[in-house]
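Engineer: Handing you this structure, nothing more for now.
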Amino acid sequence: MMAAPSAVARPVPSLGAEAATAWLALLGAYHLARRGTLPADTVTFAADERLGLQPLAEAATGALLAWAPESGWQVASPVQGEARALLDLYLPLLPRHPGETLTLGHLGQSLDGYIATARGESCFVTGPENILHLHCLRALCDAVLVGAETVAADDPRLTTRLVPGDNPVRVVLDPRRRLPVERRVFQDGAAPTLLVCAEGQPGPGRLGQAEVLAVPAHQGRLRLDALVAALHRRGLRRLFVEGGGLTVSSFLGAGLLDRLQVAVAPLLIGTGRRGLSLPAPDALGDCLRPPCRVFRMGADILFDSEPRAKPGGEAGGVSPGLARIR
Ligand SMILES: NC(=O)c1ccc[n+]([C@@H]2O[C@H](COP(=O)([O-])OP(=O)(O)OC[C@H]3O[C@@H](n4cnc5c(N)ncnc54)[C@H](OP(=O)(O)O)[C@@H]3O)[C@@H](O)[C@H]2O)c1
């Protein structure tokens with residue numbers, strides 16, 4: 001008898017026409033900020049196929065985005081539907097100046113809090129819309145970080161191949177240098193790659209095409225504040241921590257996440273690889289209850305939270321594919 005397929009592969013949707021235009025405009029806005037060329041005055045922009053964004057004369061129609069130095073980016077009110085949702089979701093993630101830093105963690109988990117089966121299968125816990133979202137996040141960050149176990153289990157490429165946008169630098173946390181050189185991130189040359197190990201770990205300065213970066217460690221745990229500082233010094237200021245659970249948890253536990261996104265899929269795994277895991281609190285009142293935005297993402301629900309912000313504030317939206325809930 002043939003073995004049942006271990007996971008159901010679902011086609012990843014591409015962005016619809018309006019959302020694709022909004023995405024290009026968003027990339028245009030992102031690059032204006034990264035280059036430090038955001039206008040000093042309030043300016044309204046239309047989408048432009050070639051440039052992403054085109055400044056508009058005051059009375060012109062067809063506005064998509066408005067920039068105001070004191071309040072940042074706003075979506076023009078006639079913009080609705082998928083394009084609106086996409087802009088609502090990603091605009092608050094854009095920087096306002098080239099030096100602004102961001103560390104964002106994301107996990108896609110089952111209703112019962114697992115990100116993979118016990119054997120490490122995670123294709124696909126969340127749906128295709130969430131996979132597309134991961135590619136969008138990669139395009140809006142300088143570096144994508146994953147733990148050694150994710151590279152061991154998934155052999156991911158960590159590129160932006162589903163959306164327009166630059167590939168981020170790939171950063172693999174492998175303190176003991178246990179990963180084999182055959183993994184794709186060390187071979188395919190699709191983007192610069194850093195292998196992060198604990199200081200003092202023996203071995204050559206490269207693994208395949210990856211450069212080795214040694215950072216201080218304590219009892220086998222990498223000092224993540226030192227890692228973040230080392231990445232910032234290299235000009236990698238916007239960091240996307242894509243998994244797995246141990247890695248995102250260690251960034252969250254170290255107080256280093258500006259944003260934590262958890263996509264919850266209508267799936268029950270039963271027993272598997274944990275998503276977030278933090279030290280036990282003494283009381284429910286000691287638990288983090290961060291301000292949160294909530295989006296529908298296909299069949300999944302995305303919680304976009306700010307773990308370091310005060311509770312009660314609003315953290316910063318998305319159609320049968322992607323819709324803001326609140
Ligand atoms: N659904 C999702 O969103 C998602 C995303 C990514 C991955 N996954 C799945 O999740 C599973 C992997 O997740 P995981 O939680 O088991 O492992 P992981 O986070 O991918 O990797 C954990 C390992 O990375 C290294 N590491 C991470 N943080 C470190 C730190 N602060 N200091 C030192 N080392 C650190 C350690 O390597 P050593 O063990 O060598 O010390 C650690 O054991 C896979 O099955 C993958 O398919 C799911």
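The values are calculated or read from the model by the stated rules, or taken from the named source; none is laboratory data. All figures in this text were calculated on a predicted structure; none of them were measured in a lab. Glycine gets a Cβ as well: all are built from the backbone with ideal geometry, and neighbour counts include every protein chain shown. For the accessible areas, the whole protein counts, side chains as well, though only heavy atoms, and no ligand, DNA or RNA atoms are used. Shrake-Rupley method; radii C 1.70, N 1.55, O 1.52, S 1.80 Å.
Engineer: Tabulate in residue order the Karplus-calculated ³J(HN,Hα) for the stretch 32-43, using 6.51 cos²θ - 1.76 cosθ + 1.60 with θ = phi - 60°, rounded to whole Hz; enter x for Gly and Pro.
Structural biologist: Calculated HN-Hα couplings, in order: 4, 5, 5, 7, x, 10, 6, x, 7, 10, 5, 9 Hz.
Engineer: Another question, then. First check a/c for the chain, with a ≥ b ≥ c the square roots of the eigenvalues of its C-alpha gyration tensor; if it is under 1.5, answer rounded, and if not, answer prolate when a/b is larger than b/c or oblate otherwise.
Structural biologist: Because a/c hits 1.5 or more and a/b exceeds b/c, the chain counts as prolate.
Engineer: Test of understanding: extend the Cα→C-beta vector of GLN201 to 7 Å, then name every residue of the stretch 223-244 with backbone N under 12 Å from that spot.
Structural biologist: Zone members listed by number: 223.
Engineer: Sticking with this structure for a sec: Distance in nm between label sites at SER71 and ARG96, each 7 Å beyond Cα in the beta-carbon direction?
Structural biologist: 1.3
Engineer: Also, I was wondering about something else. Where nothing but the Cβ of Lys and Arg (+1) and of Asp and Glu (-1) is charged, how large is the charge dipole of the chain around its Cα centre, in debye to the nearest 20?
Structural biologist: Charge dipole of the chain: 680 debye, to the nearest 20.
Engineer: Can you give me the distance in nm between label points at THR271 and ARG178, each placed 7 Å from the Cα along the Cα-to-Cβ direction?
Structural biologist: Taking the simple label geometry, THR271 and ARG178 are separated by 2.1 nm.
Engineer: Starting from the 7 Å offset along Cα-to-Cβ, what nm value, one decimal, do you get for the label separation of LEU51 and GLN80?
Structural biologist: Rounded to a tenth, the inter-label distance reads 2.9 nm.
Engineer: Stretched out fully, how many nm does the piece from LEU284 to LYS310 gain, at 0.36 nm a residue minus the Cα gap?
Structural biologist: 7.7 nm
Engineer: I've got another one for you. In what order, largest first, do ARG138, ARG233, ARG176, ARG206 sit by accessible area if the probe radius is 1.4 Å?
Structural biologist: Solvent-accessible surface, decreasing: ARG233, ARG176, ARG206, ARG138.
Engineer: What are the residues whose amide H is under 5 Å from the amide H of GLN261, where those residues sit 5 or more places off or on another chain and H is modelled from the backbone?
Structural biologist: Residues meeting the criterion, in which the H sits 1.01 Å from N, are GLY105, HIS106, LEU107, SER305.
Engineer: Label the stretch 17-93 by shape, choosing from rounded, prolate and oblate, from the square roots a ≥ b ≥ c of the eigenvalues of the Cα gyration tensor; if a/c is under 1.5 it is rounded, and otherwise prolate applies when a/b is larger than b/c, oblate when it is not.
Structural biologist: rounded
Engineer: Per residue, how much accessible area does the chain have with a 1.4 Å probe, in Å²?
Structural biologist: For the chain, the solvent-accessible area averages 48 Å² per residue.
Engineer: Apply the Karplus curve 6.51 cos²θ - 1.76 cosθ + 1.60, θ = phi - 60°, to the phi angles in the stretch 76-84 and return the couplings in whole Hz, x for Gly and Pro.
Structural biologist: 5, 4, x, 6, 9, x, 5, 5, 4
Engineer: Oh, and also: Once you sort the root eigenvalues of the Cα gyration tensor of the stretch 1-145 as a ≥ b ≥ c, which label holds: rounded (a/c under 1.5), prolate (a/b larger than b/c) or oblate (the other case)?
Structural biologist: prolate
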